[in-house]
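Trainee: Quick one: the structure is below, questions incoming.
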Amino acid sequence: MKQLRYRQVHLDFHTSEYIQDIGKDFQAEEFAQTLKEAYVDSITCFARCHHGWLYYPSKKFPELIHPELANHNLLMEQIEACHRNGIKVPVYTTIRWDGRVMREHPEWLCVDEKGDFINMQEVLEPHFYNAICLNSGYRDFLKEHLLDIIDVVGTDNLDGIFMDIVVQVDCCCDHCRKKMLEHNIDPDSKKERESYAAIMLEEFKEEISEFIRANAPGISIFYNDSRFDTDSKRAFDAYSHLELESLPSGSWGYDHFPAVVRYARTLGKEIIGMTGKFHTYWGDFHSLKNKAALEYECFQMLAMGTGCSVGDQLHPLGKLSKATYELIGSVYKSVAEKEKYCIGAAAKSEIAILTPVEYLDHTVKDLVIPKALIGAVRMLQELSCQFDIVDSDAELDGYRVVILPDGIPYSKRLETILSGYVGKGGCLLGTYDACLPEDGISGLYGIKYMGRSVFSREFVMPNDIIGRNLPKEEFVMYERGNDIEAAQAEVLMDRIAPYFERGGEKFCSHQHAPSSGRVHMPEVTRKGNVIYCAHPLFGLYRKNAAVWCKQMVKDMLDILLPNPLVSHNGPSTLLCTLNTQKDFHRDILHLLHYITEKRSEDISTIEDVIPLYHTEIRIFAGDRKVSGVYLLPEEEPAAFTQENGYIRFQVEKIEGHQMAGIQYADGKEE
């Protein structure tokens, strides 16, 4: 597949049949010029929507063309006008949601174990959210529909196909039950049904991609399930690239994208990040996102090594919103100036977080990112660490430190992998239950698990090793930890017991009893290159944002990673990512300073850009000779020094997003 465009729009067009004159005001050249003036270089346009209607002159299904569509050539004119202006047009169709199918083909719908239709959004009617079964006769219809798109649009004009709502569904319909029995799978077992649902979805993607490639070779293919996790590697070859849907003002929130993209970028495919222009969520007509929020969301995509996509929805009359494209253009103008320093860049990561998502069951995966993962991502970003998120199949040797957050169960396989990594000189930081056996002494940590603590809240005592910059007095841990014995490890930090556990007749004040001053158990231990903490530090940080937890992790990392890639004297709200463009022998540092706030009852957003001044940056370059440091995209030289493996320079002003290029002498300057 050719290189992805970096300034995309995803143009929803889910349009009711109860609205007249659909597309009446559409003017093809005006449409394309509006996009071009907004620096858009790719736009996903609709062949078929969730209501079940088509927006092109279908040869096979003319009866499915939107009954109020004034211009049956709408999609074709969008494609032709955009192509004349150098803009790509992948084509959208829906998979699991279709209002017309819901009404006319109930035999194609998924049902639960009670025989009820599965409403994927759990909203009251009217809606189009009942899931469609991909084992039903619908699959044949879908193939005919895809072939119809290819035939009408033409292989020379078709840039790609975006298929939406390709999600795993626990279906108990007759079609699925029959298939499960053929696979010797018990259709009455929820766990086995979920296992089959994953297998079926994998087979579906492989079959559909083979079908598309046979009829339209070379086009882009993407299956959207509005999330991306370790299960998404199934049928990975069926995708040409990845698009990570993550509207922070919707149900995703600002914690979602960094946790997902840091995993996805390790898998070897080109990626587009996707947000929306909406103040809230898809279908929020006549709203605009704050400009600062859209800047941050797009610039963060660049910083994470992805292209940008902004979701919009075309008005039923077919005219783009002027204000929307002024907003998008104000951000994409900057993206256009910066993208040459981003295309082909790869993350320079020295830490890997092993994701607990891998160990969740499917029903939980559909709902949340584990709080331990969110806490770990937040904490490491606030500490300016350069890190990826990986699963247990990843090659770990390229990372200096591997972090095992809470929520990773013990397995002999994982212990063997991690022991091999440590044996080669790798460093490990584990917390709470992460790969901790309940029997015997952990060969990895050198500790013995004694059970869950009898105290729901205990205290840690800072010292000159862990908690160096904290007052030397007790700090509370808000969740229950593990009791351990340091059998083959040294103790780096003690845990202090309260006077008693609150319960029965015993209580003190409003929450918990204070410290008794009595050392109760080890809190932090070390065995060679391996450090362990007995409390769920990362989940606790997500829940309470206790700065002492972050300070504890910082001190552990200072032991395991004494010369980190990036450090600075700025605030913890400064996001730093370091990427490398090997073809140009340069590194690109992204500095983003945007502060998210929850001013609304429902959503977080960003309204103000607060500049930072005189920020000192330190980057570890090792023995590579640096020939220049430049502020980008201005290409303004910055004074720097290089000694003891580090380069140091100052950025006088960071207003939202600033990039810096570090040019090495072993390559040409651009």
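Trainee: May I ask you to list the residues of region 105-134 whose amide nitrogen lies under 16 Å from a point 7 Å from Cα along the Cα→beta-carbon direction of Asp188?
Mentor: Residues 113-115 fall inside that zone.
Trainee: Let me ask something additional. 5 Å is the cut-off here: which amide hydrogens, built 1.01 Å from N in the peptide plane, fall below it relative to Trp252, excluding neighbours closer than 5 in sequence?
Mentor: Sorted by chain and number, the residues that satisfy this are Leu247.
Trainee: Quick one: which residues, 5+ away or cross-chain, put their amide H under 5 Å from the amide H of Ile221? H built at 1.01 Å from N.
Mentor: Ile161, Ser240, His241
Trainee: Here is a further query. Size of region 91-211 along its principal axes in angstrom, Cα-based, largest extent first?
Mentor: If we take the Cα atoms of region 91-211, the spans are 48, 35, 19 Å.
Trainee: How much length is gained if the chain between Ile19 and Asp116 is pulled fully straight, taking 0.36 nm per residue apart and subtracting their Cα-Cα distance, in nm to one decimal?
Mentor: Working it through step by step, the gained length comes to 31.9 nm.
Trainee: So, one more: Over its Cα atoms, what ratio of radius of gyration to 2.2 N^0.38 Å does region 443-591 give?
Mentor: This ratio for region 443-591 stands at 1.26.
Trainee: Determine, from the Cβ-Cβ distance of Glu206 and Asp174 and an R0 of 22 Å, the FRET efficiency 1/(1 + (r/R0)^6), rounded to the nearest 0.05.
Mentor: The value I calculate is 0.40.
Trainee: In straight Cα distance, which aspartates and glutamates are under 16 Å from Lys143, not counting same-chain residues fewer than 8 positions off?
Mentor: Cα-Cα hits under 16 Å: Asp98, Asp151, Asp164, Glu203, Glu206, Glu207, Glu210.
Trainee: Hey, what do the phi angles of region 589-601 turn into as Karplus ³J(HN,Hα) couplings, whole Hz, using 6.51/-1.76/1.60 and θ = phi - 60°, x for Gly and Pro?
Mentor: 9, 9, 10, 10, 10, 9, 10, 7, 9, 9, 6, 8, 5
Trainee: Right, here's the next one. Using the Cα centre as the reference, give the magnitude of the dipole from point charges on the C-beta atoms of the chain (Lys, Arg: +1; Asp, Glu: -1; all else neutral), rounded to the nearest 20 debye.
Mentor: About 1380 debye.
Trainee: What's the Kirkwood radius of region 553-670 in Å, using all Cα pairs?
Mentor: The answer is 15.6 Å.
Trainee: When only C-alpha pairs under 8 Å and at least 6 residues apart count, what is the relative contact order of the chain, in percent?
Mentor: For the chain, the relative contact order is 11 percent.
Trainee: Hey, what did region 355-509 get for relative contact order, percent, Cα under 8 Å, at least 6 apart?
Mentor: 17
Trainee: Pairing the Cα long axis of helix 190-215 with the longest principal axis of the chain, what angle in degrees results, from 0 to 90 and rounded to the nearest 10?
Mentor: 50
Trainee: At a Förster radius of 25 Å, what calculated FRET efficiency corresponds to the Cβ-Cβ distance of Glu597 and Ser330, to the nearest 0.05?
Mentor: Approximately 0.75, to the nearest 0.05.
Trainee: Same structure, new question: So what's region 376-473 giving for Rg/Rh, alpha carbon basis, Kirkwood Rh from the mean inverse pair distance?
Mentor: Dividing the radius of gyration by the Kirkwood radius yields 0.98.
Trainee: For region 226-303, calculate the relative contact order in percent as a whole number, restricting contacts to Cα pairs under 8 Å that are 6 or more residues apart.
Mentor: Once normalised by length, the contact order is 27 percent.
Trainee: How large are Rg and Dmax for the chain when only the alpha carbon atoms are used, in Å?
Mentor: My reading of the Cα-based Rg and Dmax gives 26.9, 80 Å.
Trainee: So for each of 198-206, 518-526, 587-595, 567-575 I average, over its residues, the number of other beta carbons within 10 Å; can you give me the resulting order with the highest mean first?
Mentor: Top to bottom by mean Cβ count within 10 Å: 587-595, 518-526, 198-206, 567-575.
Trainee: Any idea what Rg and Dmax come out to for region 265-407 if you just take the C-alpha atoms, in Å?
Mentor: 18.0, 56
Trainee: Gain in length, Ser287 to Met450, computed as 0.36 nm per residue apart minus the alpha-carbon separation, to one decimal in nm?
Mentor: Gain in length upon complete extension: 53.1 nm.
Trainee: Please determine, in degrees from 0 to 90 and to the nearest 10, the orientation of helix 28-37 with respect to the longest principal axis defined by the Cα atoms of the chain, where the helix direction is its Cα long axis.
Mentor: 20
Trainee: How about Lys179: which lysines have a C-alpha closer than 17 Å to its C-alpha, ignoring those fewer than 8 places off in the same chain?
Mentor: Leaving aside lysines fewer than 8 places away in the same chain, those within reach of Lys179 are Lys190, Lys191, Lys205.
Trainee: Next question, about the same structure. Distance from the Cα centre of region 314-389 to that of region 5-45, in angstrom?
Mentor: Region 314-389 and region 5-45 have Cα centres separated by 24 Å.
Trainee: Still on this model: What residues qualify as long-range amide H neighbours of Leu492, i.e. H under 5 Å apart, gap of 5 or more or another chain, H built at 1.01 Å from N?
Mentor: Correct list: Val524, Thr525, Arg526.
Trainee: Expressed as a whole number of Å, what is the distance separating the alpha-carbon centroids of region 250-278 and region 624-670?
Mentor: 28
Trainee: Sketch the reach of a paramagnetic label on Lys543 as a point 7 Å from Cα along Cα-to-Cβ, and name the residues of region 429-460 whose backbone nitrogen lies under 20 Å away.
Mentor: Only 430-436, 450-460 pass the distance filter.
Trainee: Extending each Cα 7 Å along its Cβ direction at Glu104 and Val123, get the distance between those two points in nm, one decimal.
Mentor: The modelled label-to-label distance comes out at 2.3 nm.
Trainee: Per DSSP helix of 4 or more residues, -39500 (n - 2.57); summed, then divided by the residues of the chain. What does that give at 222 nm, rounded to the nearest 500?
Mentor: Result for the chain: -7500 deg cm²/dmol, rounded to the nearest 500.
Trainee: Moving on to the next point. Does a label point 7 Å from the Cα of Lys322, set along Cα-to-beta-carbon, have any residues of region 15-41 with amide nitrogen under 18 Å, and which are they?
Mentor: 25-39
Trainee: From the phi angles alone, apply the Karplus equation (6.51, -1.76, 1.60; θ = phi - 60°) to region 449-456 and give each ³J(HN,Hα) in whole Hz, x where the residue is Gly or Pro.
Mentor: Per-residue couplings from phi come out as 6, 10, x, 5, 5, 6, 9, 6 Hz.
Trainee: Regarding region 14-72, what is the average projected area of its C-alpha convex hull, in nm²?
Mentor: With the hull built on Cα positions only, its mean projection is 4.6 nm².
Trainee: ³J(HN,Hα) across region 321-330 via Karplus (A = 6.51, B = -1.76, C = 1.60, θ = phi - 60°), whole Hz, x for Gly/Pro?
Mentor: 6, 4, 5, 4, 7, 5, 5, 4, x, 5
Trainee: Here's something else I'd like to know. Given the peptides 344-355, 78-89, arrange them by the average over their residues of other C-beta atoms within 10 Å, most packed first.
Mentor: So the peptides 344-355, 78-89, ranked by packing, come out 344-355, 78-89.
Trainee: Same structure again: Given the C-alpha centroids of region 521-588 and region 482-504, what is the distance between them in whole angstrom?
Mentor: 24
Values quoted throughout were computed directly from the atomic coordinates according to the rules given, and no laboratory measurement underlies them. What you are looking at is a predicted structure, and each value in this text was computed from that prediction instead of being measured. For neighbour counting, all protein chains shown are included, and Cβ atoms are generated from backbone atoms with ideal geometry for every residue, glycine included.
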